[in-house]
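The values are calculated or read from the model by the stated rules, or taken from the named source; none is laboratory data. Values in this document were obtained by computation on a predicted structure and should not be read as measured data. Quick reminder, even Gly has a Cβ in these numbers, built from the backbone with ideal geometry, and neighbours come from all protein chains shown.
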Amino acid sequence: MQKITDNDLTLMLDSSTAPLLAVLVSDGKIYAASKDGIKQEELLFPLLNRLYRKAGKKFKDTKNFFFIKGPGRFTGIRIGVTLASMLAEINGTNIASADIFKVLGPAVLESADFKKWQAKNPEGKAVIILPAFREEYFACFVGTNTPKWLSIEDLNKELSAQKVPLFLAGWAGEKEPLKKYFGKNYSYSKTNFLTPEILLEAAKKYLGKQSKEEVLTPLYLKPARFELCGK
C-alpha cells in the first residue's frame, strides 16, 4: 500500500468549479495558487507552471496526484480525470480522487466551531452546501454519502423537514455566505473551506487505496431543472 509523506512531490487539484485551485507539496513545503474563471482548461498549465517554478521542481517528477472528481462543471471535472490518466500512464504517478463532500466532510466534523456547536446539539446534523448553477445547489448531509443537486426551493424544503438542529457549511455563489440564502434557523460554519491542508489530508487518506477505475470515475449529478424528465 502506497503511503505518502510531506517530502513527496505531490500535486492536488480542484478544477470542478471556480476558482481553479492547485496545491503542490515539495520537500515539506506547501505551495498553493488559485485562479478565477470558468475556462480551467486555459488556466491550468500556466497555474501549474507557476507552482513548479516556485518549488524548483519539474512536472515530470510528480510522484502523487490527487484531485476532486465532482460534482461541478463537466469540463472542469474532465480536466482532473484526464490529467490523472495522463500522469499515471506517462509518469507512473500514483493517483487518487474523491468527491468534494468526502473531502470536506471530515474537515467539517473536526472543525472547532462544529465541535462547539455539537456539544450543545448532540443530535444535530452537519450539511455541506455548495453552488451548482444559478439558484441550484449541491448538498449532502455529512456521513450519508448521498449528495444531491437541488433547486434552492427543494433544498429549503429538505432542510426545513429535518426534526433536528442543522449546522450548514460551505458557500453560495461567488463565495457568498450561506446565511444570506438560507436564513436564521440554522447554525453556520465560520471555517474557510477548502484549504491546501484539507486537500493534503484527503490525498494522504486516499492515495494507494483505490483502483484506477475508482479514481477515474467522476461524480456527475443530475441537474435539478431536469429532475422531472426522469420521472
Qualifying positions in the stretch 162-172 - in contact with a Lys or Arg (Cβ under 8 Å, 6 or more places away or on another chain) and either within 18 Å of LEU221 (Cβ to Cβ) or part of a loop (DSSP other than H, G, I, E, B) (or both)
GLN162, VAL164, PRO165, ALA172
Out of (1) surrounded by 15 or more Cβ atoms within 10 Å (Cβ to Cβ); (2) over 21 Å from ARG73 (Cα atoms); (3) assigned by TED's automatic domain parsing to the domain that holds TYR31, the one GLY208 does not meet is (1)
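Out of all the residues in the stretch 6-47, which are outside any strand (DSSP E or B) and surrounded by 15 or more Cβ atoms within 10 Å (Cβ to Cβ)? Break it down stepwise before answering.
Of the residues in the stretch 6-47, the ones outside any strand (DSSP E or B) are 6-9, 15-19, 27-28, 36-47.
Matches in the stretch 6-47: ASP8, LEU9, SER15, SER16, THR17, ALA18, PRO19, GLN40, LEU43, LEU44, LEU47.
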I need the full set of residues from the stretch 48-63 which are closer than 18 Å to ASN91 by Cα and assigned to a helix (DSSP H, G or I), in order please.
LEU48, ASN49, TYR52, PHE59, LYS60, ASP61
Out of (1) within 17 Å of the chain's Cα centre (by Cα); (2) on the phi < 0 side of the Ramachandran plot, the odd one out for GLY72 is which?
(2)
Among helices (runs of 4 or more DSSP H) lying entirely in the stretch 91-161, which contain 2 or more residues that are small (Gly, Ala, Ser)?
100-110, 112-120
